[in-house]
1. Can you pull the one-decimal nm distance between simple spin-label points at residue 120 and residue 61, each 7 Å off the Cα toward Cβ?
2. What nm distance separates the two modelled labels at residue 50 and residue 71, each placed 7 Å from Cα along Cα→Cβ?
3. Please work out the Kirkwood hydrodynamic radius for region 56-128, using every pair of different C-alpha atoms, and report it in angstroms with one decimal place.
4. So what is the relative contact order of region 56-128, in percent, for Cα pairs below 8 Å that sit 6 or more residues apart?
Amino acid sequence: MAPTSGFFRGCRALYSAAKSAAAPSPKPNISASNKKPAANAAAAGTKEKKSSGLLKATPVSPTLRNFVGASEISRAEAVKKVWGYIKLHNLQNPSNKKEIFCDGKLKALFNGKEKVGFLEITKLLSPHFVNN
């Protein structure tokens, strides 16, 4: 019986090691005095991240400016505002949610199209962002 008891003893050791590795480790206690205020981090010379790509505010065309109410806006924010307008005015096709019916304001943005696919929105908004 000695060989089998050694086998099970090894399994038990492996099981307990796996169980302890899966258990969450306790978080260290951090007191308020150890935290640095944001002002100290800025004074230490850390740089703020600049917005780029979709999050960079860029000048927009007069048509888009009238729609969103701002002379500069990021592409992501413009798409959010268009989607908010679509949802608010219930312009999605109920039978095909990928299709959007355009009213007067959206026709001005989307080159006079009656219907637009939801994947076309960013492509149709692209000409309204003025390149520097």
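Here, each number is a calculation from the coordinates, and none is a lab measurement. Predicted model, so just to flag it, every value in this text is computed and none were measured. FYI the Cβ positions are ideal-geometry reconstructions off the backbone, even for glycines, and counts take in every protein chain you see.
1. Distance between label points: 1.5 nm.
2. 2.1
3. 12.3
4. Numbers: 75 pairs, mean separation 18.1, N = 73.
Over region 56-128, the number comes to 25 percent.
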